[in-house]
Each structure stands twice: as C-alpha cells, then as structure tokens.
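**Q** Pasting a structure here, questions to come.
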Amino acid sequence: MQKKSLMSLGALCGVPFIMVLGNSMLIPVLPQMKQALDISQFKVSLAITLFSIPAGLAIPVAGFLSDRINRKSIIVPALITYGLGGVIAGLAAVFFKSYTLIMAGRILQGIGAAGTAPIAMALAGDIFTSSERSKVLGLLEASNGLGKVVSPILGSLIGLLAWWAVFFLFPVLCIPIALGIWFLVKEPKSQNEAKPVKQYLTTLKKIFENKGVSLVSVFLAGTTVLFVLFGVLFYLSDHLETKYKIEGVLKGLILAIPVLAMSTTSYITGIVTQKKSSFFKLLVVAGLFLLSGSMAIVPFFRDNTYILVGALIFAGIGTGLVLPCLNTLITSSCKIDERGMVTSLYGGVRFFGVAGGPPLFGLLMEKSPTWTFLVPAILAASVGAINLFFLKQDVLKKAETEKEQEKN
C-alpha cells in the first residue's frame with residue numbers, strides 16, 4: 001500500500017474512532033450523571049439512546065447526499081456538528097445542570113454522527129479495490145473497536161475531574177480528524193452522473209428486490225451484535241460500581257477488556273477474509289452463536305467476576321467475527337454511486353441496536369437479572385439461524401464481481 005493510501009487510511013480510521021466515543025466514553029460516568037442530576041436508571045440510559053436514534057434516522061439522508069454530492073462534503077460538516085453538540089451538552093451540564101438541555105446536545109451529536117463512520121466506510125469502499133477492501137474495512141472496524149477499548153478508560157480518567165468534562169473532549173478530537181479527511185483523503189469521482197431522486201430510489205428498490213433477503217439478514221446481524229455489546233457495557237458499568245464499588249480507571253480497564261477482544265478479532269478477521277473470501281457467512285454465523293452462548297452462560301455465574309468477564313471476552317470475540325464480514329458484504333453489494341445509501345441504511349440499523357441496548361438492559365436489570373442475559377442470548381441465536389439459512393454471500397458480492405469483469 002502506497003504512502004498516500006496509508007495517510008488516507010489513517011484519516012479514515014479516525015472517523016469510526018471518534019464516532020464510537022460518542023457513546024462508549026459516556027458509559028463509565030453514567031452513574032455519576034445519574035447521581036448528580038438525581039434521575040432514574042432509565043433516564044440516564046437515554047443519554048445513549050437520544051444520541052443513537054437521531055443518528056439512525058439521519059444516516060440514510062447523509063448516505064443519499066453523499067451519493068449525490070460527495071463523501072467528504074458530508075463527513076467534514078458532520079464532524080463539526082458532532083463536536084458542537086458536545087459543547088452544548090457540556091455547557092448545559094456546567095451552568096444549568098439541565099437534563100433536557102444535555103439531551104438536546106446529545107441529539108445534535110447524534111445528527112452529526114450520522115455523517116461520519118457509515119460514510120467513511122462507503123468512501124473506503126470507493127477508494128480501495130476488492131483485493132484490499134476486506135483488510136481495510138477490518139481496520140476501520142478495528143479502529144471502531146479501539147475507540148471502544150480506549151473510551152471507557154478515557155471516560156473514567158476524565159470523569160475524575162468531573163462527569164461532564166467528557167463532553168468537551170469531542171470538539172478537541174473532531175477538528176483535527178475533519179482536517180485530515182479534507183486534506184489527506186483523495187476521493188475518486190463517480191463515473192456516473194447523479195441520478196434523479198425517483199431513478200435513484202428505483203435503483204435501490206431493485207437492489208433490495210434482488211438481494212433483500214441477504215441484506216436484511218446482514219442488517220439484523222449488525223444491529224443485534226451492537227445491541228448486545230452496548231447493553232452489556234451498560235450493565236457491567238453499573239454492576240462494577242454498585243456491587244464491587246469499582247470506580248475510576250480500574251472500572252474503565254475492566255470495561256475495556258471485552259471490547260479489546262472485539263477490536264483484536266476484527267483486525268484478524270479482516271486479514272483472514274482478505275485471503276479467504278468464502279469465509280464471510282461462516283464467520284458471521286459462528287460469531288452470532290458464540291455471542292449467544294456467552295450470554296447464556298452469564299446468568300448462572302454473574303456473581304463470579306472472573307467467569308463473567310471471561311464470558312464477555314467471548315462475546316467480544318463473537319462480535320469481532322461478525323462486524324468486519326458484514327462491512328465487506330455491504331460495501332460489495334452495490335456500485336459506487338449507490339454505496340453511500342446502502343452502507344448508511346446499514347449504519348442506521350446499527351445505531352438502532354446501540355440505542356436499544358442500554359434502556360432494555362436497564363429495564364431488565366430492574367425486573368430479572370437472569371432474563372437480562374437470556375433475552376439477548378435468544379435474540380443472537382435466532383439471528384444466527386436466520387443468517388445460516390438466508391444469507392447468500394455470493395448474491396451480495398455479485399456487484400463487485402461484475403465490476404471486476406467489466407475492467408477485464
């Protein structure tokens with residue numbers, strides 16, 4: 001890979017890294033936020049949900065615009081909006097102690113997040129050829145995972161100053177990443193003119209008519225693994241503090257363990273699938289069943305911290321097997337001028353998974369510790385079975401195969 005390509009890749013990897021901080025960095029300080037604002041467990045979980053739902057809703061719009069304009073012109077303003085939302089939330093916490101205004105800042109952050117990682121994934125799919133794409137998208141997913149690893153530690157460290165201080169880190173990180181995207185990434189031009197909206201939607205309809213069953217299977221897999229991951233992190237953050245009185249950096253380090261397993265596995269999976277492209281479906285199904293099994297074990301050993309963390313490591317490994325494969329299948333399922341919308345739809349459902357995890361886990365935690373983990377175990381196993389029977393990786397990669405044939 002050439003030096004310019006490496007620089008472009010480095011800038012692109014910064015985007016999923018900063019995006020994941022939006023939720024993961026907040027998780028360690030949620031108990032402090034709950035106490036400081038005197039709010040319920042459900043209300044504090046909305047700090048994650050009200051970031052993720054606007055992102056999920058706005059992502060398809062960002063994807064549509066990125067196909068019609070260009071990717072960089074969406075990513076850079078989105079990063080600035082993301083940082084601005086952090087400033088608003090932070091000021092609301094410092095000067096007003098207003099839960100409502102903090103949530104308004106979180107909503108703005110979510111809208112900004114819509115134009116970040118999913119569009120960066122589409123841009124990487126545009127820049128890098130099919131022979132490099134699996135490894136590159138594995139690196140982007142690993143960067144996302146690295147953000148999940150670093151963010152609990154970073155959130156815990158900053159939380160030692162004040163729980164609201166985490167909000168002010170977002171603009172500090174967003175600006176240099178936005179500059180890197182604008183100046184270091186060379187975006188290829190689409191060879192096709194922008195289609196009228198009606199024709200564009202007709203093309204997308206045809207994609208889903210031809211590949212809809214496989215695409216829906218992939219979408220379900222993506223939202224499920226992130227639903228479970230963020231639900232588990234929410235549970236673990238509260239569990240470590242209330243049961244073991246573990247706070248600060250030590251809590252951040254423990255929260256980082258399962259996501260480190262996920263990040264490492266994502267990187268390795270990207271390398272493996274670059275050489276063995278027939279493994280995508282196998283790894284997706286195996287990862288979902290591994291995730292299900294690890295969740296099913298937890299209710300019986302949740303009082304044993306070592307077994308609990310061990311099970312969560314396997315959950316991270318399962319997630320790391322699934323996500324890079326899904327990224328490659330999604331970006332390979334359509335042509336360059338349709339890729340932004342399709343990857344954004346996928347990114348949107350991923351965000352809905354993130355949004356649903358903390359509040360549902362929060363409700364289940366108050367009702368039944370056993371079902372807190374059996375529900376996600378059943379869900380992951382069901383989605384694994386759906387992908388086993390309905391995911392056709394050759395159908396999704398057909399667009400890439402046709403593109404290579406046209407070049408030859």
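The values are calculated or read from the model by the stated rules, or taken from the named source; none is laboratory data. Worth saying up front: this structure is predicted, and the values here are computed from it rather than measured. As a convention, Cβ positions derive from the backbone with ideal geometry for all residues, glycine included, and neighbour counts pool all protein chains shown. Just so you know, the surface numbers come from the protein's heavy atoms only, side chains and all, with ligands and any DNA or RNA stripped out. Shrake-Rupley method; radii C 1.70, N 1.55, O 1.52, S 1.80 Å.
**Q** Here are 335, 251: which of them is open to solvent by 10 Å² or more (accessible area, probe 1.4 Å), in contact with an Asp or Glu (Cβ under 9 Å, 6 or more places away or on another chain), among the basic types (Lys, Arg) and in contact (Cβ under 8 Å) with a residue 40 or more places away in the chain? Lay out the reasoning, then the answer.
**A** Details: 251 fails: open to solvent by 10 Å² or more (accessible area, probe 1.4 Å).
Of 335, 251, the one residue that is open to solvent by 10 Å² or more (accessible area, probe 1.4 Å), in contact with an Asp or Glu (Cβ under 9 Å, 6 or more places away or on another chain), among the basic types (Lys, Arg) and in contact (Cβ under 8 Å) with a residue 40 or more places away in the chain is 335.
**Q** Related question: Checking the conditions here, which among 328, 343 is in contact (Cβ under 8 Å) with a residue 24 or more places away in the chain, polar (S, T, N, Q) and closer than 23 Å to residue 51 by Cβ? First the steps, then the outcome.
**A** On the way: 328 fails: closer than 23 Å to residue 51 by Cβ.
Sole residue among the options that is in contact (Cβ under 8 Å) with a residue 24 or more places away in the chain, polar (S, T, N, Q) and closer than 23 Å to residue 51 by Cβ: 343.
**Q** From 43, 34, grab the single residue that is open to solvent by 10 Å² or more (accessible area, probe 1.4 Å), touching a Ser or Thr at 6+ places or on another chain (Cβ under 9 Å), without any contact (Cβ under 8 Å) to a residue 60 or more places away in the chain and among the charged types (D, E, K, R).
**A** Numbers: 43 fails: touching a Ser or Thr at 6+ places or on another chain (Cβ under 9 Å).
The conditions single out 34.
**Q** Also: For the stretch 205-214, state whether one or more residues are touching a residue at least 12 places away in the same chain (Cβ under 8 Å) and within 19 Å of the chain's Cα centre (by Cα).
**A** Looking only at the stretch 205-214, we keep the residues that are touching a residue at least 12 places away in the same chain (Cβ under 8 Å), and these are 207, 210-211, 213-214.
Narrowing further to those that are within 19 Å of the chain's Cα centre (by Cα): none.
No, every residue in the stretch 205-214 fails to be touching a residue at least 12 places away in the same chain (Cβ under 8 Å) and within 19 Å of the chain's Cα centre (by Cα).
**Q** Oh, and also: Considering 62, 58, which residue is hydrophobic (A, V, I, L, M, F, W, C) and buried (at least 24 other Cβ atoms within 10 Å of the Cβ)? So that I can check it myself, show each step before the final result.
**A** On the way: 58 fails: buried (at least 24 other Cβ atoms within 10 Å of the Cβ).
Exactly one of 62, 58 is hydrophobic (A, V, I, L, M, F, W, C) and buried (at least 24 other Cβ atoms within 10 Å of the Cβ), namely 62.
**Q** Which of the numbered conditions does residue 161 fail, given that it passes all the others? Conditions: (1) assigned to a helix (DSSP H, G or I); (2) among the aliphatic types (A, V, I, L, M); (3) farther than 28 Å from residue 73 by Cβ.
**A** (1)
**Q** Out of (1) open to solvent by 70 Å² or more (accessible area, probe 1.4 Å); (2) without any contact (Cβ under 8 Å) to a residue 24 or more places away in the chain, what's the single condition that is false for residue 146?
**A** (2)
**Q** Can you give me the number of residues within the stretch 347-379 that are of a type in the set (Gly, Ala, Ser) and either closer than 30 Å to residue 64 by Cα or in contact with a Pro (Cβ under 7 Å, 6 or more places away or on another chain) (or both)?
**A** Residues of the stretch 347-379 that are of a type in the set (Gly, Ala, Ser), as a first pass: 347-348, 353, 355-357, 362, 368, 377.
From what's left, either closer than 30 Å to residue 64 by Cα or in contact with a Pro (Cβ under 7 Å, 6 or more places away or on another chain) (or both): 347-348, 353, 355-357.
Final tally of qualifying residues: 6.
**Q** Residues in the stretch 8-31: is at least one under 30 Å from residue 198 (Cα atoms) and either buried (at least 24 other Cβ atoms within 10 Å of the Cβ) or in contact (Cβ under 8 Å) with a residue 40 or more places away in the chain (or both)? Quick ask: steps written out before the conclusion?
**A** Residues of the stretch 8-31 under 30 Å from residue 198 (Cα atoms): none.
No, there is no match, as no residue in the stretch 8-31 is under 30 Å from residue 198 (Cα atoms) and either buried (at least 24 other Cβ atoms within 10 Å of the Cβ) or in contact (Cβ under 8 Å) with a residue 40 or more places away in the chain (or both).
**Q** Something else now. Consider only pairs whose beta carbons are under 6 Å apart and that are at least six residues apart or on different chains; among these, list those whose first residue lies in the stretch 230-246 and is under 15 Å from residue 369 (Cα atoms) and whose second residue is aromatic (Phe, Trp, Tyr).
**A** Cβ pairs passing all conditions: 231/361; 234/361; 235/361.
**Q** So in the stretch 261-275, with the set limited to residues that are farther than 11 Å from residue 328 by Cβ and of a type in the set (Val, Ile, Thr), which one is surrounded by the fewest Cβ atoms within 10 Å (Cβ to Cβ)?
**A** Our first condition is that a residue be farther than 11 Å from residue 328 by Cβ; within the stretch 261-275, this holds for 261-268, 271-272, 275.
Applying the additional criterion that residues be of a type in the set (Val, Ile, Thr) yields 264-265, 268, 271-272.
Details: 264: 17, 265: 26, 268: 16, 271: 14, 272: 18.
Top of the filtered list is 271.
**Q** What is the residue count in the stretch 344-381 for residues that are open to solvent by 10 Å² or more (accessible area, probe 1.4 Å), aromatic (Phe, Trp, Tyr) and within 30 Å of residue 75 (Cβ to Cβ)?
**A** Residues in the stretch 344-381 being open to solvent by 10 Å² or more (accessible area, probe 1.4 Å), aromatic (Phe, Trp, Tyr) and within 30 Å of residue 75 (Cβ to Cβ): 2 in total.
**Q** If a residue counts only when it is modelled with pLDDT of 90 or more, small (Gly, Ala, Ser) and more than 15 Å from the chain's Cα centre (by Cα), which helices (runs of 4 or more DSSP H) contained entirely in the stretch 1-97 have at least 3 such residues? Show your work before the answer.
**A** Details: elements: 3-24, 30-37, 41-68, 72-91.
Here the list reads 72-91.
**Q** Could you tell me which residue of the stretch 354-408 is farthest from residue 225 (Cα to Cα), considering only residues that are modelled with pLDDT of 80 or more and hydroxyl-bearing (Ser, Thr, Tyr)? It would help to see each step written out before you state the result.
**A** Filtering the stretch 354-408 for residues modelled with pLDDT of 80 or more gives 354-394.
Going one step further and asking which of them are hydroxyl-bearing (Ser, Thr, Tyr), we end up with 368, 370, 372, 382.
On the way: 368: 21, 370: 19, 372: 15, 382: 12 Å.
Only one residue fits best here, namely 368.
**Q** Pick from the stretch 191-204 the residues that are in a loop (DSSP other than H, G, I, E, B) and out of contact with any Lys or Arg (no Cβ under 9 Å at 6 or more places or on another chain): which of them is modelled with the highest pLDDT?
**A** Pass one, the stretch 191-204, residues in a loop (DSSP other than H, G, I, E, B): 191-196.
If we keep only those that are out of contact with any Lys or Arg (no Cβ under 9 Å at 6 or more places or on another chain) too, we end up with 191, 193, 196.
Numbers: 191: 56, 193: 63, 196: 72.
Restricting to residues being in a loop (DSSP other than H, G, I, E, B) and out of contact with any Lys or Arg (no Cβ under 9 Å at 6 or more places or on another chain), the top hit is 196.
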